[in-house]
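Read through the structure below, which is laid out as structure tokens, and then see the notes.
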Amino acid sequence: MGGFCSQPQRSAKHVVIVGGGLGGKSMAGLADTAFAVTLVEKRGAMIYKIGMPRGLVDTSFATDCLVPYDKLMPNGGTVRTGVAVTRVDGSASKVHLDNGSDLSYDYLILAVGARSHSPCEPPPNACDETSTAGIIEYFKKVCEEIKTASRVVLVGGGPVGVELAGEIRQAFGAEKSITVCHSGPAPCHNQQGIDTPAAFQKKLLDACKAQNIDLKLNVKADLSTPAVQEQLAQKGYATGDLPITLSDGEVIQADMVISCIGATPGGQTLEGVTLDGKGAIKVNEHLQVEGFDAGNVFAIGDCTNTQELRLSGTAAGKYKMGMMGATGNADVVFDNIKAIEKGKKPSAKIVQPPKTAMMIVPVGTHDKKMGAVVAPVPNMRHGTLMGFKQKDYFLKIQRDIMNAPLSAKK
């Protein structure tokens, strides 16, 4: 007789995931195959921050970078948007929400990430983040300010700063003055303590020069003046007649300053969780959060105190990550929860990525030579990788993962 393959039996155990970024959505996708899942996220949609250097100059693309959660978990998982977890009560196995309610859990995964200090995501209170429309309005405002500014200064020459500089040049032409201030000897010279290859650095230097992007290297920009500091805190950028003093004594004039450095770990907003001196959630090698004796509370991604490279695949892991995949935090936690359910001790551990991890940094959108690639996997075609990222920053892949594909016209 004919038959069909039944779905694996799902446990009634309740997995609560706090945070719906790359790590949280990947954790939800995995857990939804085996458990009852609730994902809690303040925002009405996931901001695909990897694509926001283009989103800040193209509001249509920014809108596409807001990915809805409604079809993320096809096996029945629940997404609660518009609310945030404020406290974790390990003794009662509950999380308390900012609307006064609470949620019980059998397993809890904290995936609250780190809030960027750049306008790739709105600062706290800059807009109504519970509303997708509110987030879109914020990005529209940033785009209009960039378009209007004649002298844009970007502070930070890492991937975000370099990519945003290239996108601004591509979108608004050769007349706009674009300056990138960077503390190192070359753009993207260092990846969280690991120097990038000299050839990679040179390609970025050449690409910035070809795009007439003025690089100020081996300097720090003073952003402590009240006119700049207050605006950066309120909206992620500053506008006005802004003289910026560099550490070598040079003063450059700007009418828009954008910070592309730094992030605040999301665990700082949670009560009942042990943090280290930098505000990161303290975890062991199995990603179990310290201070919870039951061993059923985990944390993944940028909110943790692990020493991994902070890459797009680090939190998200193998779950449908495609070419950006890595042995990631979500995989480790999922394997450890399954082990506990079988009466075993957690054995999966975080794995350090290779010392030269993949980086694809375009400077503009058309010419594959305008940018640089570090790809530790042999035989990877750098031009092909650059073309993929220049096309849409891998947005289509991420939307397909979340069962929210773009319309056929796009």
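The values are calculated or read from the model by the stated rules, or taken from the named source; none is laboratory data. Predicted, not measured: the structure shown is a model, and the values here were computed from it. Reconstructed Cβ throughout: ideal geometry from the backbone, glycine too, with neighbour counts over all protein chains shown.
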Task: Residues within segment 173-189 that are out of contact with any Gly (no Cβ under 6 Å at 6 or more places or on another chain) and either over 14 Å from A372 (Cα atoms) or assigned to a helix (DSSP H, G or I) (or both), tallied - done: 11
Open item on the list: Any residue at all in segment 62-83 that's surrounded by fewer than 24 Cβ atoms within 10 Å (Cβ to Cβ), assigned to a strand (DSSP E or B) and more than 21 Å from the chain's Cα centre (by Cα)?
Closed with: yes
TODO: Evaluate the following for D64: is it modelled with pLDDT of 95 or more, outside the structural domain of T274 (by TED's automatic domain parsing) and out of contact with any Cys (no Cβ under 6 Å at 6 or more places or on another chain)?
DONE: yes
TODO: Kindly indicate which of G100, G90 is in the same structural domain as G21 (by TED's automatic domain parsing), without any contact (Cβ under 8 Å) to a residue 24 or more places away in the chain and small (G, A, S).
DONE: G100
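Conditions (1) surrounded by 19 or more Cβ atoms within 10 Å (Cβ to Cβ); (2) at pLDDT below 90; (3) not assigned by TED's automatic domain parsing to the domain that holds I168, marked per residue:
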residue	(1), (2), (3)
H366	no, yes, no
V373	yes, yes, no
V377	no, yes, no
Q390	yes, no, no
S407	no, yes, yes
- [ ] Return a yes/no flag: does segment 59-67 have any residue that is at positive phi and of a type in the set (S, T, N, Q).
- [x] no
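Please go through segment 271-291 and give me each residue that is free of Cβ contacts under 8 Å to residues at least 60 places away in the same chain and at negative phi, ordered by number. Before you say what the answer is, go through the steps one by one.
Taking segment 271-291 first, the residues free of Cβ contacts under 8 Å to residues at least 60 places away in the same chain are 274-280, 282-284, 288, 290.
Selection gives T274, L275, D276, G277, K278, A280, K282, V283, N284, Q288, E290.
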Open item on the list: Looking at (1) surrounded by 24 or more Cβ atoms within 10 Å (Cβ to Cβ); (2) under 27 Å from D102 (Cβ atoms); (3) of a type outside the set (V, I, T), which one does D32 not meet, given that it meets all the others?
Closed with: (1)
Open item on the list: I'd like to check something: does segment 93-104 contain any residue that is in a strand (DSSP E or B) and of a type in the set (S, T, N, Q)?
Closed with: yes
- [ ] Can you give me the number of residues within segment 133-159 that are under 19 Å from the mean Cα position of the chain (by Cα), surrounded by fewer than 22 Cβ atoms within 10 Å (Cβ to Cβ) and at pLDDT 95 or above?
- [x] 2
Task: Failed condition for V67, given (1) in contact (Cβ under 8 Å) with a residue 60 or more places away in the chain; (2) in contact with a Ser or Thr (Cβ under 8 Å, 6 or more places away or on another chain) - done: (2)
TODO: Sort out which residues of segment 102-132 are closer than 15 Å to H14 by Cβ and surrounded by fewer than 18 Cβ atoms within 10 Å (Cβ to Cβ), and write them in order of number.
DONE: D102, S104
Task: P53, sole failed condition from (1) over 21 Å from L270 (Cβ atoms); (2) of a type outside the set (A, V, I, L, M); (3) at pLDDT below 95; (4) under 18 Å from the mean Cα position of the chain (by Cα) - done: (3)
